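The values are calculated or read from the model by the stated rules, or taken from the named source; none is laboratory data. Note that the structure is a prediction, hence the values are computed from the model and not measured. Counting neighbours? That spans all protein chains shown, and the Cβs are built from the backbone with ideal geometry, glycine included. Just the protein is used for accessible areas: all its heavy atoms, side chains included, with ligands, DNA and RNA removed. Shrake-Rupley method; radii C 1.70, N 1.55, O 1.52, S 1.80 Å.
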Amino acid sequence: MRLLPLTAVLVLALQATPADAQAPYSRFGEDAPPQATTDEAAMRGAWQSWSQRSAAALAATGQPRELAFAAVLHGMADAPPPDPDGDTPSRPVTPDPQTAAWRRDAAARAGNDVLANTLLAYGSDEATRLRAAQRWLGADPQNLAPLLMRGGNADVLLSDARTATRFDLGMLEQVRWMKAALLRTLPTASERAAFADAGDFVAEEHAAIQAMGLWAAVAIPGLQPLMEGCDVDALRTSTSRAQDCRHVARLMAEHSDTQLGTMIGLALSERTAQGAAERAEVQARRRTLDWRNLEWGRASMDLPRDGAPQLVRLLADPSIRTEADLVSRVLQEAGVPLEPPAGWQPPR
């Protein structure tokens, strides 16, 4: 059964960032599985027709969250498929008028709704993104995520980040809401057939996986200013810059709600490590993170429908608050230790 015909397409949007850990149904560090023989054009047509109908139904409610998510859905549906011979997927250069209108309406009504503003910060024009990120930051001033979503030069970013205490993208909260929103418009019989590839179609599983894929495709903020601002040369030439980068590294490594945030935090922690012992500790933590991500993919692939029923069940569990919680639960249920065996090294 192929519940997610466009997962690969959606996750390709993140190829420029270390986001492999955001795709629970891909095997970390391994060759891609053989492509399915099902007509990809039919699958894409089913995705487009279903997501466009879903977007229109959501927008018709007039609610800011629904309008903002409708714009995300509509924009993804209209995006051309990636070039199979290229390194990065194609993207629409400008949003279509309908998508832009929904974003304008959502922005006018969002107020202090954090979820609406985070959705608006994804893929909007620069002015809308900046306003949405600033409203998000106003409602959550100690969160590094809206600062990164806001963007700007490294000096301003790192200065503003001094009061941040965590890096919280709101991943699972958004995925859960997206899943519920997608379930409001069920696929037609022909769309279900294309999505399921002659297997069983389970609407809740389909919505859960689509929500994960959509989130991964749009929700990652620009990381380049941070990584360039904390490059080796900057750390060597400025004591204050080194302190700021060390602060960001620590909070991302220890207080992120996503595996990606932890990964970036550990990468920065290795750059800012003070001495061999501290650097070795960071490398050990990165090794554990790599182990968990790799085994997460393997454990999910070994379950019925690539772990989709398990994903639905775990998303319904309120005790799972972060992606790390999700990964740990999958590994525990599979009987996989959370720490790698002695001497294990990740494939590169």
### Task
Evaluate the following for Glu228: is it open to solvent by 50 Å² or more (accessible area, probe 1.4 Å), touching a helix residue (DSSP H, G or I) at 6+ places or on another chain (Cβ under 7 Å) and at pLDDT 95 or above?
no
### Query
Based on what the data block shows, is Ala194 aliphatic (A, V, I, L, M), touching a helix residue (DSSP H, G or I) at 6+ places or on another chain (Cβ under 8 Å), under 25 Å from Thr262 (Cα atoms) and assigned to a helix (DSSP H, G or I)?
no
### Task
Identify all residues within the stretch 246-273 that are of a type in the set (D, E, K, R) and farther than 17 Å from Gln142 by Cα; write none if there are none.
Glu270, Arg271
### Message
Can you find a residue that is open to solvent by 50 Å² or more (accessible area, probe 1.4 Å) and at pLDDT below 95 anywhere in the stretch 324-343?
### Response
yes
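For every residue, the table says whether it meets (1) open to solvent by 50 Å² or more (accessible area, probe 1.4 Å); (2) in a helix (DSSP H, G or I).
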residue	(1), (2)
Asn117	no, yes
Ser124	no, no
Leu130	yes, yes
Gln134	yes, yes
Gly138	yes, yes
Leu147	no, yes
Leu169	no, no
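Please verify whether Ala164 is touching a residue at least 24 places away in the same chain (Cβ under 8 Å) and more than 21 Å from Gly75 (Cβ to Cβ), treating the condition exactly as stated.
On the way: touching a residue at least 24 places away in the same chain (Cβ under 8 Å): yes; more than 21 Å from Gly75 (Cβ to Cβ): yes.
So Ala164 passes the test.
Would you be able to tell me the number of residues in the stretch 290-324 that are without any contact (Cβ under 8 Å) to a residue 60 or more places away in the chain and in a helix (DSSP H, G or I)?
So in the stretch 290-324, the residues without any contact (Cβ under 8 Å) to a residue 60 or more places away in the chain come out as 291-292, 295, 299, 302-304, 310, 313-314, 316-319.
Still in the running and in a helix (DSSP H, G or I): 291-292, 295, 299, 304, 310, 313-314.
Of the residues in that region, 8 qualify.
Among Leu223, Leu251, Leu260, Leu303, which is surrounded by fewer than 23 Cβ atoms within 10 Å (Cβ to Cβ) and closer than 27 Å to Ala316 by Cβ?
Working: Leu223 fails: closer than 27 Å to Ala316 by Cβ; Leu251 fails: closer than 27 Å to Ala316 by Cβ; Leu260 fails: surrounded by fewer than 23 Cβ atoms within 10 Å (Cβ to Cβ).
So the residue among Leu223, Leu251, Leu260, Leu303 that is surrounded by fewer than 23 Cβ atoms within 10 Å (Cβ to Cβ) and closer than 27 Å to Ala316 by Cβ is Leu303.
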#### Entry: Failed item in (1) more than 21 Å from the chain's Cα centre (by Cα); (2) open to solvent by 20 Å² or more (accessible area, probe 1.4 Å), with Arg298 passing the rest
(1)
#### Entry: Test: Gly62 is over 19 Å from the mean Cα position of the chain (by Cα), open to solvent by 10 Å² or more (accessible area, probe 1.4 Å) and at pLDDT below 60
no
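With respect to Arg285, determine if the residue is open to solvent by 80 Å² or more (accessible area, probe 1.4 Å), modelled with pLDDT of 95 or more and under 20 Å from Met252 (Cα atoms). Break it down into steps so the answer makes sense when it comes.
Working: open to solvent by 80 Å² or more (accessible area, probe 1.4 Å): yes; modelled with pLDDT of 95 or more: yes; under 20 Å from Met252 (Cα atoms): yes.
Yes, satisfied.
Looking at the structure I just gave you, is Trp296 among the aromatic types (Phe, Trp, Tyr) and more than 24 Å from Gly170 (Cα to Cα)? Can you show your working first?
Working: among the aromatic types (Phe, Trp, Tyr): yes; more than 24 Å from Gly170 (Cα to Cα): no.
Against the criterion (among the aromatic types (Phe, Trp, Tyr) and more than 24 Å from Gly170 (Cα to Cα)), Trp296 does not qualify.
Going by the structure shown, is Leu331 among the aliphatic types (A, V, I, L, M) and more than 22 Å from Glu204 (Cβ to Cβ)?
yes
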### Message
With the requirement that a residue be within 20 Å of the chain's Cα centre (by Cα) and crowded, with 19+ Cβ neighbours inside 10 Å, what does the stretch 150-167 give you?
### Response
Arg150, Phe167
